[in-house]
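Taken together, the values in this text are just the output of simple stated rules run on the coordinates, not laboratory data. Quantities reported herein were computed from a predicted structural model and do not represent experimental measurements. Cβ coordinates were reconstructed from backbone atoms using ideal geometry, including for glycine residues, and neighbour counts include every protein chain displayed.
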């Protein structure tokens, strides 16, 4: 069965990536920001997998699997930091994270 | 029988030595009694870096002809080996600087484990020969550094720095990854040589991917306009971590940028040289102007590191063999000066227990002459004075740019150097021309004992900074052989 062409996959991937990027730039809650980072990475993953099928080449799919592992470890560290900050009773608002400025 | 790719374990030795050090230090966190934990972990970490340094030298000697190893995923050549030597040297010194840092001793072994893991990620990253190893190496070193920034959970600034670094670093990596996906899709190759051979010079998506890869690496090299995390993270992270980040992360990010651009995108050189030149000018401008108004020394050094990213990008924009040589040479004294200056800041911070500003540096040069004179030398080196490697480095960078016809870029660089004199000499003035009494500090139990390891590390940095001026020929030869591994 023929699916949509590679361009469509790239379009969806670019949409996911931009959604994530906007989320990172605009949202204030660190949890939502981490979630948006994941969406960005998954957009890139979709592009990799779509291209890999299009090219008939396995390398892109292997890359995507590696990226999933990396994304998981990154979010673990991120969530760890958020929990540690929460225990310190720091407000969860990235705009208020302004002890360091100048 | 299944065909396996041949694995050149020798080429992986520096990476594996550091990985082993990280694993042993992590075991020490549970198995070694609390009293001996700090010493054991630090020794293991320093030994790991020393062994990696030795392996990198051996590999440098035996890799005159660069080639891909492990199914072409990583590259064994003198370019990577010289970079690994810089990283390993920085790691040994950073361990020495870290040893007396005041941190709670319940996570001290993890600290050294992560320091070694970050180094091994860097050693892997500089050898990357395809987009996948590039991304994995980048994340490997970054995730280790995110945790190192926030390792002291009592320090709210550290947590804040770690989270900021993670969010902005993660954003940069995601941009790099999407760029890699575009390049892969347009060329059908992940390895750098394959991307270059696909030869699709006027492909809009490929160029978009290239721009995203440059931005992604720009975040790690803290070049403007991707620099916004740098001052906050450098200020908030524990000072020894900042020292290591400033020296080693910048080195590997710039070298990998040069490798990717030269080996994967030689056909697009007329476009990316301009882009890199623009980024260089932006970094020089923003870094220098913002550094002028800083009162906190760590923030000032962070902006100075942004402006130095600009200087070194001039060498990348030159896009010739001389530029490659200039970059590799310059990184040696630069790494030493960054480590040394942050080490001196760390020493002052431990004496006072408050963030170091220009005001509370008063009289430091007279109290601790060794550290004062070292800091003086590092500042002159950053500004590019003779008798330090910074002079030769800047000279080479400008020569490379001039040869390629980038006269205006050279002029911008010279102006930036003149502006930078103000804040570099400001540190010297604060240390030597202000009296300690002006500080009105209440002495509590006298000054802390001299920290022999930190002083040794600072002296090591001083020797490299000054030595790279006098031993310029051997180092240039070293850099020349390394730069020849790239297809110029």
For this session: Order by neighbour count: B:235, B:81, fewest other Cβ atoms within 10 Å first, most last.
Result: B:235, B:81
Exercise. If you take all C-alpha pairs in segment B:340-488, what percent of them are over 22 Å apart?
Worked result: 51
Exercise. So how tilted is helix B:321-352 from the main axis of chain B? Cα-based, degrees 0 to 90, rounded to 10.
Worked result: 30
Seminar exercise, completed: A correct fewest-to-most ranking of B:151, B:415 by other Cβ atoms within 10 Å would be B:415, B:151
Seminar exercise, completed: The correct pair for the protein assembly as shown, radius of gyration to one decimal and Dmax as a whole number, both in Å and from Cα atoms, is 22.9, 83
Exercise. If you line up the Cα atoms of segment B:213-309 on their principal axes, what length do they span on each, largest first, in Å?
Worked result: 44, 25, 15
Exercise. Normalized C-alpha radius of gyration of segment A:28-92, against 2.2 N^0.38 Å?
Worked result: 1.44
Exercise. Percentage of Cα-Cα pair distances in segment B:3-106 greater than 24 Å, rounded to whole percent?
Worked result: 34
Exercise. In degrees, nearest 10, range 0 to 90: what is the angle between the Cα axis of helix B:269-292 and the longest Cα principal axis of chain B?
Worked result: 10
Seminar exercise, completed: Put in order of increasing Cβ neighbours within 10 Å, starting from the fewest, B:421, A:37 give B:421, A:37
Exercise. Rounded to whole Å and sorted largest first, what semi-axes of the equivalent ellipsoid does the C-alpha gyration tensor of segment B:132-275 yield via the square root of 5 times each eigenvalue?
Worked result: 31, 13, 12
Seminar exercise, completed: With the 8 Å Cα cutoff and a minimum separation of six or more residues, segment A:28-92 has a relative contact order in percent of 39
Seminar exercise, completed: Hydrodynamic radius by Kirkwood for segment B:54-102, inverse mean 1/r across distinct Cα pairs, in Å, is 12.1
For this session: Give me the distance between the Cα centres of segment B:7-43 and segment A:1-30, rounded to whole Å.
Result: 41
For this session: In Å and from the alpha-carbon atoms only, list the Rg and Dmax of chain B.
Result: 21.4, 78
